[in-house]
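Shown next, in structure tokens, is the structure this report addresses.
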Amino acid sequence: MTTFVELLVNGISIGAVYALIALGFVIIFKATEVVNFAHASLLLAGGYLVARLWPVVGFWAALLIGVAAAALVAAAIEFLVIRRANVASHSVLAIVTIGVDIVITTELTRQIGTDVLAMGDPWGSEVVRFGGVTLAETRIVALVTAAALITAFLLAFKYTGWGVAMRAAAEDAETAALMGVRLGRVSMSAWAVAGGLAAVAALFLCVFPTPGLDRSTSLVALKAFPAAILGGLDSTTGALVGGLIIGVTESMMSGYQNDMAFLGRGIGDVAPFLVMLVILLIRPAGLFGTKELARV
Amino acid sequence: MADLAVSDLVVGYGPVRALRGVSMRVPSGSIVAVLGANGAGKSTLLRAISGTLRFHRGSCQGVVTLGDQRLTGLDAASVVGRGVVQVPEGRRVFARMTVEENLRAGGLGRSRRDYAKAHDQVAALFPVLKERARQRAGLLSGGEQQMLAIGRALMAGPTTLLLDEPTLGLAPLMAARITETIKEINSLGTSVLLVEQNVAMALSLASHAYVLEVGEVVLEGTAAELRESDEVRRRYLGIGDAVEGALETRTLSRWS
Ligand SMILES: Nc1ncnc2c1ncn2[C@@H]1O[C@H](COP(=O)(O)OP(=O)(O)O)[C@@H](O)[C@H]1O
Ligand SMILES: [Mg+2]
């Protein structure tokens with residue numbers, strides 16, 4: 001039972017981190033109808049900066065810079081590539097983001113080499129015990145932070161002028177423009193927010209029990225794609241639920257993999273994609289989505 | 001306040017020519033009607049003024065001015081910023097957002113005071129929007145959606161309002177209600193460019209009108225002149241001579 005609770009809490013925690021990534025992915029899709037395949041590279045860029053800067057400026061300043069830089073890079077991609085690309089279809093833009101991803105990831109991977117970079121976080125490998133349940137401090141901080149950021153985002157989305165402009169533009173861009181909404185700003189801010197969230201996620205993907213940031217970190221980030229897609233690419237609720245489903249599934253599958261040896265080793269890594277496939281077979285638009293993926 | 005003027009407007013959607021040299025003027029404070037059958041280019045004219053042709057892959061030559069400012073080449077949000085606001089054909093309310101949020105979307109970027117003032121004005125014009133404030137706009141009736149679309153545009157504080165077929169598909173009573181509202185909005189000082197297929201209604205409101213046919217202005221004059229014109233009586237008001245050429249039949253069939 002304690003194992004189960006530990007796995008569950010860890011799953012929810014990692015799921016909340018996936019949800020941060022998936023949420024950014026969904027915001028970008030809602031605002032610009034572009035599937036952003038460069039998302040993992042944004043995450044890597046933010047995480048890399050934190051890892052490189054903390055020995056110089058300290059952890060908190062490094063985190064701040066990493067988040068701001070990822071937001072800036074994302075906004076720059078929107079401004080320089082997405083907005084300028086004078087192409088007819090959103091599928092072409094999605095492919096363009098693959099190009100951007102390759103450029104950024106290749107350069108960062110070269111910089112990282114074979115190193116494993118510590119994140120310099122204050123939580124280290126401390127654990128907390130509640131009764132018989134042992135949890136890493138990092139997992140608890142990740143859960144609380146992700147929950148706070150997601151709540152703040154959803155409140156802003158619902159109640160601020162920015163949120164109203166976002167939703168109006170997502171629902172009907174032409175009419176939003178007719179009402180004076182500046183679509184360029186909406187889309188750039190969506191990218192920036194997504195980039196910032198990805199950088200925070202990078203931190204929590206690379207802290208204990210993970211040894212640190214290395215060149216495979218962007219592969220870990222890929223698990224958030226199924227989270228976004230199974231939730232429905234255009235649903236913020238979907239991103240949250242999708243993130244949690246993926247996180248808990250992965251955690252449970254890894255935790256109990258000895259009992260499920262018949263499924264083969266490493267099932268925890270494949271599970272997110274299996275879950276996504278099964279859900280898409282049943283609901284092609286994802287759990288909460290309104291647009292079928294065929295539209296992408 | 002300034003006159004809205006369009007001169008020599010030529011608009012194409014790729015190879016399709018939708019406007020071929022259209023010129024017209026909306027004097028400050030007036031109601032001007034644009035009449036014409038489906039496909040005549042009425043919505044295209046409003047798109048060219050509002051700067052939304054790029055959403056339809058359209059391109060435009062010619063000049064749109066408001067007083068001595070050029071609107072041509074501005075993006076849609078900047079045109080709204082100059083006080084020219086459009087209520088698009090088919091209402092286009094944000095169906096997934098509440099009535100209140102729709103109004104908010106219309107008044108983004110205005111000061112708190114201007115916003116509150118516009119909000120009071122809209123509530124006074126359309127009390128039903130206040131009652132339905134928290135309801136999803138998609139659940140409103142067609143007439144209520146039209147009210148919301150007009151109210152949303154008013155939230156932007158327009159000096160010139162562009163209305164694209166505001167009574168299309170509405171029951172006669174509701175259409176009359178909208179007509180009254182347009183009169184009221186105009187009496188408060190807003191110029192109106194009214195695109196309509198309901199010719200009788202449009203001519204009752206407008207001081208001046210233009211008739212568009214296949215992208216060209218074929219008739220223009222004061223509303224009184226057009227009401228008396230044989231051409232308009234026969235083709236658009238269905239009065240008079242029953243003898244019609246092929247062209248007339250084509251147009252008339254679309255009015256029914
Ligand atoms: N998005 C578009 N792409 C191509 N052609 C269009 C488009 N919109 C309108 N047209 C064409 O332009 C002409 C004028 O259309 P429109 O301005 O919608 O007329 P109206 O509003 O008077 O019914 C029509 O021939 C129509 O087929
Ligand atoms: Mg039209």
Legend entry - Of residues in the stretch B:20-57 being touching a helix residue (DSSP H, G or I) at 6+ places or on another chain (Cβ under 7 Å) and either more than 13 Å from chain A (Cβ to nearest Cβ) or part of a strand (DSSP E or B) (or both), the one farthest from ligand 1 (Cβ to nearest atom): B:Ile31
Legend entry - Matching residues in the stretch B:135-148 - criterion: being in a helix (DSSP H, G or I), away from every other protein chain (no Cβ under 12 Å) and surrounded by fewer than 24 Cβ atoms within 10 Å (Cβ to Cβ): B:Leu139, B:Gly142, B:Gly143, B:Glu144, B:Gln145
Inset, instruction - Test A:Ala147 against the criterion of being within 18 Å of A:Leu244 (Cα to Cα) and touching a Ser or Thr at 6+ places or on another chain (Cβ under 6 Å), and give yes or no. - result: no
Inset, instruction - Within the stretch B:30-68, work out how many residues are touching an Asp or Glu at 6+ places or on another chain (Cβ under 7 Å), of a type in the set (Gly, Ala, Ser) and closer than 23 Å to A:Met179 by Cβ. - result: 3
Inset, instruction - Could you grab me the full set of residues in the stretch B:88-131 that are crowded, with 16+ Cβ neighbours inside 10 Å, touching a Gly at 6+ places or on another chain (Cβ under 7 Å), hydrophobic (A, V, I, L, M, F, W, C) and at the interface with chain A (Cβ under 8 Å from one of its Cβ atoms)? - result: B:Leu108
Inset, instruction - Mind listing whichever residues of the stretch A:148-165 are among the β-branched types (Val, Ile, Thr) and within 14 Å of chain B (Cβ to nearest Cβ)? - result: A:Thr160, A:Val164
Legend entry - Qualifying residue in the stretch B:69-87 (condition: within 16 Å of ligand 2 (Cβ to nearest atom) and either surrounded by 24 or more Cβ atoms within 10 Å (Cβ to Cβ) or closer than 29 Å to B:Ser187 by Cα (or both)): yes
Legend entry - Options B:Val99, B:Val26; residue that is free of Cβ contacts under 8 Å to residues at least 60 places away in the same chain, touching a Leu at 6+ places or on another chain (Cβ under 6 Å) and of a type outside the set (D, E, K, R): B:Val99
Inset, instruction - Scan the stretch B:149-187 for residues that are within 14 Å of chain A (Cβ to nearest Cβ) and touching an Asp or Glu at 6+ places or on another chain (Cβ under 7 Å) and report the count. - result: 2
Inset, instruction - Considering only the stretch B:53-81, state which residues are of a type in the set (D, E, K, R) and under 22 Å from A:Asp172 (Cβ atoms). - result: B:Arg54, B:Arg57, B:Asp75
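No lab work stands behind these numbers, since they all come straight from the coordinates. From a predicted model like this one, the values you see are computed outputs, not experimental measurements. Backbone-built Cβ (ideal geometry, glycine too); neighbour counts: all protein chains shown.
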